[in-house]
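Structure first, then comments.
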Amino acid sequence: MTNSQDKSTSFVLFGALGDLSLRKLMPAWFYLERSGLLDDSLRILGVARQDITREQFQQKIIDALNLYVPDEYLDADVYNKLIERINYCCCDLNNHDDYQKLEQSLNGWNKPISYYLAIPPDLFEVVCDGLHNIQILTKNSRIVVEKPIGYSLESSRDIHDKLLKHFNESQIYRIDHYLGKETVQNLIALRFANSLFSSQWNSKSIEYIEITAAESVGIEGRWDYFDGVGQMRDMVQSHILQLLCLIAMEPPSRLNDQSIRNEKVKVLQALQPLNENNISKSFIRAQYSDGQISGAIKPGYLNEEGAISKSKTETFVAIKAEIANWRWSGTPFYIRTGKRMAGKITNIAIHFKSDAHFIFDQDQKSSTGNSLIISLHPTEGISLQVFTKRHGVNEGMRLRSDLMSLDFIKSQKLLKIPSGYQRLLLDILLGNQSLFLCKEEIELAWEWCDNAYKIWQKSLQPLYSYPAGSNGPNESKTLLQQNGHNWHDE
Ligand code: BG6
């Protein structure tokens, strides 16, 4: 297995001029540079098809940093230091001869080299073969691929087979940037370092759990990608199921990649497949129509640039998921995610059961039961809803609900919480795989999603609609209300 002794200081980024590279990866490198976390010997080679010079590529990076890094963090010394590390190689990935140019560009670079494929999966095989043909791969080379890996269980297996032709499992880094987010890692600390929570973390004490990833963005000019994928594959298959695994898994025996992955796999194995009897009460798909966000008119999905008018691709899903194991049987996990919703909100809400014997006025009972909200966006922190007596001699024993809140930026006196990519890029260089996915997790997640799609189509369920700028379709509220539950922000 790759380990930290095999530090990599050579990084090759395929798709260097793409959206992921310029919007997410370059700012992440910038912040790492700013924090002094990059080894002096690190060199980065951007690879893309456009025939531009190194200087033009560097300028594009500077432009991207100016766009995506807030002014207060921008620092010319830092980005000059960063772009000095960066070189460029123009390469048509389908042209075998072009790999010679790549070989020349990498001549003399330190090994092991990490190769990051920020390119469509149908190019993975040709790139891996190309690298193999120029005999540049060693047993410690690393290959990094992004979610979604494939489109279905079958296509993901096909991609894995192609990667495994030239790399073994310990060389493959499958990224889900949610796992690099500080607050996602904090789930492990919260659950397993606080006996207050660990002793209550089961269906005896927890009534239901919500996971919300609402986005105000639409498809941002990515119609070709998104229409073939939909919100289920784009957000649920990896990001949300990973959050669900971290909330639901048993305590790992150790904090290492193998133990954590094993526990996540067990959750996915226990995740109940949706079936024809429960699909209408467990799975809502919807698409946004014309609407407004903060006063600005937004086109519906079918009116987006490049849209094919008859598309039935979902931009919103709400799901009632169940985990059939000793810990969670009887506690539903509600998932909700959509594009073009009222705002960007990512959070997890854990709703604890109220006490069986209620000594206060019975009319107050419906509002009791503590909730723990773990927020990933717009703030990163946790808040616990607790009940206290209303102060005032004339209030009797009327209860009020208050929030005990912890904002990680304030409590830890941080300037900024690092992005998921910062942590993950560093881990790739260090050879630390604990925050990357294993093949089995991905395949189990696909199996569950594929089945949900299949049953949904077979049972002729409607595709609902919601206006851009709303909280999704009303049917997503009904999904919870039928069990006496509510989304905590509704
Ligand atoms: C990406 C999806 O993986 O995650 C995007 O492809 C989505 O469609 C993004 O917008 C959300 O990430 P974050 O970190 O902004 O919640």
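Worth a mention:
- Its relative contact order, with pairs defined as Cα atoms under 8 Å and 6+ residues apart, puts the chain at 19 percent.
- Using a Förster distance of 25 Å, the FRET efficiency for GLU169-GLN457 (Cβ separation, nearest 0.05): 0.15
- Eigen-decomposition of the gyration tensor built on the alpha-carbon atoms of the chain gives equivalent ellipsoid semi-axes of 41, 26, 23 angstrom, largest listed first.
- Radius 11 Å from Cβ of ASN95, net charge of other residues (Lys, Arg +1; Asp, Glu -1): -1
- Using the Cβ of MET341 as centre and a radius below 15 Å, the other residues enclosed give a net charge of -2, where K and R count +1 and D and E count -1.
- Neighbour-count ranking [beta-carbon atoms within 10 angstrom, fewest first] of MET232, MET397, MET26: MET397, MET232, MET26
- Given their separation in residues at 0.36 nm each and the Cα-Cα distance between them, LEU255 and SER41 gain 74.1 nm when the chain is fully extended.
- Neighbourhood charge, 12 Å Cβ-Cβ cut-off, centred on ILE61 and excluding it, Lys, Arg +1 and Asp, Glu -1: 0
- Cα centroid separation - the range 338-404 against the range 160-231, whole Å: 25
- Taking 22 Å as the limit for the C-alpha separation, the pairs LYS312/LYS454; LYS162/LYS439; LYS264/LYS454; LYS181/LYS320; LYS339/LYS477 exceed it in the case of LYS264/LYS454; LYS181/LYS320.
- Pairwise FRET efficiency - ASN278 versus THR368, Cβ, R0 = 30 Å, nearest 0.05: 0.55
- Extending 7 Å from Cα along the Cβ direction at PHE360 and again at LYS413 yields two label points whose distance is 3.7 nm.
- Most simply put, the chain has about 55% antiparallel DSSP beta bridges, counting only bridges with both residues inside it.
- Value of [θ]222 nm, deg cm²/dmol, for the chain, DSSP H segments ≥ 4, -39500 (n - 2.57) each, nearest 500: -9000 deg cm²/dmol
- Total charge dipole magnitude, the range 146-234, about the Cα centre, Cβ charges on Lys, Arg, Asp, Glu only, Debye to nearest 20: 380
- Sorting the segments 115-125, 280-290, 401-411, 198-208 by their mean number of nearby beta carbons within 10 angstrom, highest to lowest, gives 280-290, 115-125, 198-208, 401-411.
- Its Cα centre serving as origin, the range 1-124 has a Cβ charge dipole (Lys and Arg +1, Asp and Glu -1) of approximately 200 debye.
Quick note: the coordinates plus some simple rules give every number you see, no bench work behind them. The shown structure was predicted, so the numbers you read here are calculated from the model rather than taken from an experiment. FYI the Cβ positions are ideal-geometry reconstructions off the backbone, even for glycines, and counts take in every protein chain you see.
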